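The values are calculated or read from the model by the stated rules, or taken from the named source; none is laboratory data. The shown structure was predicted, so the numbers you read here are calculated from the model rather than taken from an experiment. Quick reminder, even Gly has a Cβ in these numbers, built from the backbone with ideal geometry, and neighbours come from all protein chains shown.
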Amino acid sequence: MKKIKIKHSGLMGDIIYSIPTMKSLMKKLNCTGIDLWIPNDKKSNSISEVKHIGGSLMFTDDMFDFIKPLLLAQEIFDEINYTSELEIPKDCIDFDSIRYGLINTSSGHIPNYYSKAFGTLIDSTKRWLEIPKESAHKKEYQIIIGRSTRYVNSSINYDELSKLEYKIGFIGTKKEFKIFQSEFVNLEIEHINTENSLEVAKIINNCQVYIGNQSFFFSIAEGLKVPRLIESFELVPNVIPTGGICGQFITTKGLCMLINSILDTRMECIENKKPSYHLNNPFIPTFI
């Protein structure tokens, strides 16, 4: 049985976005499985202004424990290894190579970073994540929101969603939920406790629409191809929903218009603020 070895230091969302290229490499090299190696001591390359959940490391023990169940649910992976970088086999295909300077990782579509780096054909419009059928999650929330503390457009007013008669849930850390709740006090929303990323995937897979910013959870929604809307961070526009029902918004009114289209509602929104990261662009269309 021929297998390939791949080294990937993360971030977590990057691993999810790289799966289409991993599948393509398997086919190209006529392999039956992948042994994935994740270093536990790789230093983060995030700038100080961008808050990364792993702090000074690309991957922490908690992050590995969180993502491992979802990775193991993917048929392509035979082993998921987590060890020091020195102990990783030298013959691994290095998926960290997208960060070596040849690819602009501050814009574009993240799955394409890997397809460009390894010369593979991918179709990122199709679902690439799997969820075990026997572990379907109970459908409790029509709308799921996930919002990390980085890549945030602070001009979006999620209180507008309080006009909808839908049950809304929030996935993320307690700290992320507390920040979100403190900013949008008029929105009735529940924090959903999750043990791992596979449980998150089940919840997202069963909602009517997922709304999030450029974070790990959006990569799951993207891999599942559920109806999804992204709070686009135009300074680093490197998450582009592709395939299925999806949309991007940079204002509250844009969010409302997209929600109306997906849920067939008539929610009105008169707020028309410019994005908080607006860069003196002389042309802002009046409808957003």
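Tabulated values for the structure
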{"quantity": "Residue list for the stretch 184-201, restricted to those being in contact with a Ser or Thr (Cβ under 7 Å, 6 or more places away or on another chain) and surrounded by fewer than 19 Cβ atoms within 10 Å (Cβ to Cβ)", "calculated": "186, 188"}
{"quantity": "Residue 200, sole failed condition from (1) touching an Asp or Glu at 6+ places or on another chain (Cβ under 8 Å); (2) part of a helix (DSSP H, G or I)", "calculated": "(1)"}
{"quantity": "Set 64, 95, 59: member being touching a Phe, Trp or Tyr at 6+ places or on another chain (Cβ under 9 Å), modelled with pLDDT of 95 or more and farther than 14 Å from residue 4 by Cα", "calculated": "64"}
{"quantity": "Enumeration of residues in the stretch 21-37 that are part of a helix (DSSP H, G or I) and within 11 Å of residue 6 (Cβ to Cβ)", "calculated": "21, 22, 25, 26"}
{"quantity": "Filtered residues of the stretch 1-20 (kept if assigned to a helix (DSSP H, G or I) and of a type outside the set (Asp, Glu))", "calculated": "12, 13, 15, 16, 17, 18, 19, 20"}
{"quantity": "Residue in the stretch 131-140 that is under 17 Å from residue 201 (Cβ atoms), surrounded by 15 or more Cβ atoms within 10 Å (Cβ to Cβ) and at pLDDT below 95 present", "calculated": "yes"}
{"quantity": "Residue identified as charged (D, E, K, R), in contact with a strand residue (DSSP E or B) (Cβ under 6 Å, 6 or more places away or on another chain) and modelled with pLDDT of 95 or more among 5, 23", "calculated": "5"}
{"quantity": "Counted residues, the stretch 158-183 - those being surrounded by fewer than 20 Cβ atoms within 10 Å (Cβ to Cβ) and assigned to a loop (DSSP other than H, G, I, E, B)", "calculated": "5"}
{"quantity": "Any hit, the stretch 181-197, residues being of a type in the set (A, V, I, L, M, F, W, C), assigned by TED's automatic domain parsing to the domain that holds residue 241 and under 15 Å from the mean Cα position of the chain (by Cα)", "calculated": "no"}
